[in-house]
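Enquirer: To start, I am sharing the structure in question, which I have written as structure tokens.
The values are calculated or read from the model by the stated rules, or taken from the named source; none is laboratory data. Everything numeric in this text was worked out from a predicted model, so none of it was measured. Cβ placement follows ideal geometry from the backbone for every residue including glycine, while neighbour counts extend to all protein chains displayed. Only protein heavy atoms, including side chains, enter the accessible area calculation; ligands, DNA and RNA are left aside. Shrake-Rupley method; radii C 1.70, N 1.55, O 1.52, S 1.80 Å.
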Amino acid sequence: MANRSSSSLLILILKILMILIFAGWVSLWILKPTDLWSKKWKQAEHSSAKSVFSYNGLNFMVFSFPIIALAMIGFIYLELIITSRESRSFSALSNPIIITKLTGILSVAEVISVCLFLMFLAWTFYSRFSIDLHKNMPVKSLKLIRWQFLFFRAVIRCGLLAEVCLVLLFLPVLRSLAVFRIVGVQFEVSVRYHVWLGTAMILFSVVHGGGTLFIWAINHILQDQMWRWQRTGRIYLAGEIALVAGLVMWVTSLPWFRRKKFEVFYYTHHLYVVFMVFYLFHVGDRRFYGVLPGFLLYAIDKLLRIVQSRPETCLLSARIFPCKAIELILPKDPSLKYTPTSIVFINIPSISRFQWHCFSISSSSMVDEKTMSVIVKVGGHWTNTLYARIKAGLGSKTGSMGCVPVAIEGPYGPASLNLLRYESLLIVAGGSGITPFLGVLQEIIHSQNRGIKRTTLPAQTQLIYVTKNIQDVSLLQPVLILLARESSNHSRRLRVRVFVTQEHRVGLTARDLMNELSTTECVNFDVKHSGKFPIHGVESSVWMAVIVGCCSVVFLVLICLFNAAFMKGNDKSKIPSTITDVFLLCSFVAAVACGTTMAFLLRLRRMKKEHFRKFDKPIEEGKRLASSDEITGDALGEQCEISVGRPCFKDIFSEFAKDTRRSEIGVLVCGPEAMKESVASSLRKLDPSDSSQTKKPRFSFHSLTFTL
């Protein structure tokens, strides 16, 4: 009890510390565009020139280190939440407020955040532009009339807005070092913030670059200026190269390119290295320290993922469902625990060495201690190739295949299972959107059978599964088997309602469902003498904090060495800005290399302690789950209802609220965007006053994304 109290106290202290650091960092950026800050900052840089840190160390500590410190403290905070099993309560801020096809579903918290960010952009532009108007200083070598001067200063200040977007651009796409997990936002959800920030950055950059070129053109100096690589100051040619690289990345990341030409999108997105290098040459090292923390964390995260995905593992078995979906069963270390709704990235070198595909984990680490399962819905070239190879294994005489090496990155998921803290749970899934919820349902059933206290689990859970045809219901097989066992225990805590939208048959029954389940096929893989390791997952959050801290120290030390070697006489004007920028890049690379080396040594130490585990009868286990012998029509008839047609979500929500009589109802949705928007709209239209209960129910909406 004392340990739990001390842990809760430490979590509270870390939370307060993170809030203070973040508030201070935001205040710094609010003051930065003002004339007062410019004057005080010049004095601070002048005072630091005599120290070993000089202006480089000062800029790093003020602009870069707060975000790095926030990430380090956040990793320790997440580790404490995992070990102490603390829960973070949801609030009404997660409920949808804007539902459109253009923006998708936006929660109250997202709308507030976007509005504050837009206000900050407006403040930054206004502060700088008003200073320009007040000073009204002519531009050297340019003779501009009034409107040209105003236009030129406006497009120059748009560059500042692009910089603000770039400061945050890399943070949403972190995986191992995901700082968004601190506030409960997962990688697959935060990716859209990266898209918004990237689009805004490109828009401001195009206005900034295009407007500058326009002014040069009307003054007949375009050819002279656009090819200049100045000794000091802003290098124009570097900015133009960065802009072209950014435009190529943005165009190839549009939805059509991403869906139809994924490899083009993937390879061209690596131009971010070119973009960042030439952005540094364009703006100089002083302004680069603002965007450094996000880029540093992303570089460390990228290399950590490469280290973590080695060594490779292998497939144990696979199941082919009649709906043309495959369940891949992989070995994992028993000590690896993950929460439901977690995701993994999978690479099969025999199909493509460079393609990584994201899938939701469909199993629960509480139920399956030695295996991990993911369900792959066949669609594109990669999944079709995998499907054809496994189908070929079914046609072999032995019914098995040779070893198939697989590289795994992850799992990544929420720090704690807050979803099960609701008094009641309503899960809505469409098509392959059922996969992230399979682990949730298995966790609920398994926890109930183990006698977990009622207060830690939803009192009632209902699954609404919307699918085009009856074949897709075969994806529910792992849950239906557990559901049949639960039915024998006379429990009524879980109910399944299936809606088949494009089936012409009327009066579908559990017997029809069983007929589909019986067509599931299983193939096993030869893992003897494979030399592969089970999945170990990512390093602990504490080690992540240590690695990030060491990288920061190495970077700062190298910067100080540069100051000691080249800036003793304070004659910085003789040093070309390119030299300073190159040394910053070298310090950056050395710091990231240090973190990668630490991660590699940690992984090597773990591998030396482990050996390939021979799992207890993986083939028999795969066959047992593939069969439907344990499921009977009577067992499913009471808890599994099958209907033809589209569901009316408003009626379902009203009925569920009256049946459960609970005040806290969590609504989890995953599936096509149209379905998620329909669920969100139905929740908004729901009138709590329709309920005759004294204690009105309160719905909390949570949307899961399974496509990136």
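Enquirer: Name the trypsin sites (Lys or Arg not before Pro) in the range 319-412 that are in a loop by DSSP and that have at most 16 other C-beta atoms within 10 Å, would you?
Expert: Lys324, Lys337, Arg353, Lys397
Enquirer: For a paramagnetic label modelled at 7 Å from the Cα of Arg146 toward its Cβ, which residues of the range 113-134 fall within the zone defined by backbone nitrogen distances under 18 Å?
Expert: Only 130-134 fall inside the zone, counting backbone N under 18 Å.
Enquirer: Considering only protein heavy atoms and a 1.4 Å probe, what is the carbon-and-sulfur percentage of the accessible area of the range 311-387?
Expert: Numbers: 1140 of 2170 Å².
It is 52 percent, rounded to a whole number.
Enquirer: Calculate the dipole size of the range 229-299 relative to its Cα centre from +1 charges on Lys and Arg beta carbons and -1 charges on Asp and Glu beta carbons; express the result in debye to the nearest 20. Before the final figure, lay out the partial values.
Expert: Values: 8 positive and 3 negative charges, 30 e Å.
So the magnitude is around 140 debye.
Enquirer: Another question about this same structure. Pairs to check: Lys332/Lys608; Lys261/Lys332; Lys101/Lys260. Give those whose C-alpha atoms are more than 24 Å from each other in this structure. The partial results should precede the final answer.
Expert: Values: Lys332/Lys608 16 Å; Lys261/Lys332 33 Å; Lys101/Lys260 21 Å.
As for pairs spanning more than 24 Å Cα to Cα, those are Lys261/Lys332.
Enquirer: Tell me the accessible surface of Arg175 in square angstrom (1.4 angstrom probe, heavy atoms of protein chains only), to the nearest ten.
Expert: 40 Å²
Enquirer: Hey, another quick one. Using the heavy atoms of the protein chains alone and a 1.4 angstrom probe, what is the accessible area of the range 229-312 per residue in square angstrom?
Expert: On the way: 3740 Å² over 84 residues.
Here the per-residue accessible area is 45 Å².
Enquirer: Still on this structure, I have one more. Calculate the FRET efficiency for Val52 and Lys260 from the Cβ-Cβ distance with a Förster distance of 51 Å, rounded to the nearest 0.05. Each step should come with its number before you reach the end.
Expert: Numbers: r = 54 Å, r/R0 = 1.06.
The formula returns an efficiency of 0.40 here.
Enquirer: Still on this structure, I have one more. Given a cut-off of 31 Å, name the pairs among Lys302/Lys377; Lys302/Lys337; Lys50/Lys143 whose C-alpha atoms lie farther apart than that in the structure shown.
Expert: Numbers: Lys302/Lys377 27 Å; Lys302/Lys337 23 Å; Lys50/Lys143 40 Å.
The answer is Lys50/Lys143.
Enquirer: How would Ile156, Ile445 line up by accessible area, probe 1.4 Å, largest first?
Expert: Numbers: Ile156 40, Ile445 0 Å².
In descending accessible area the options line up as Ile156, Ile445.
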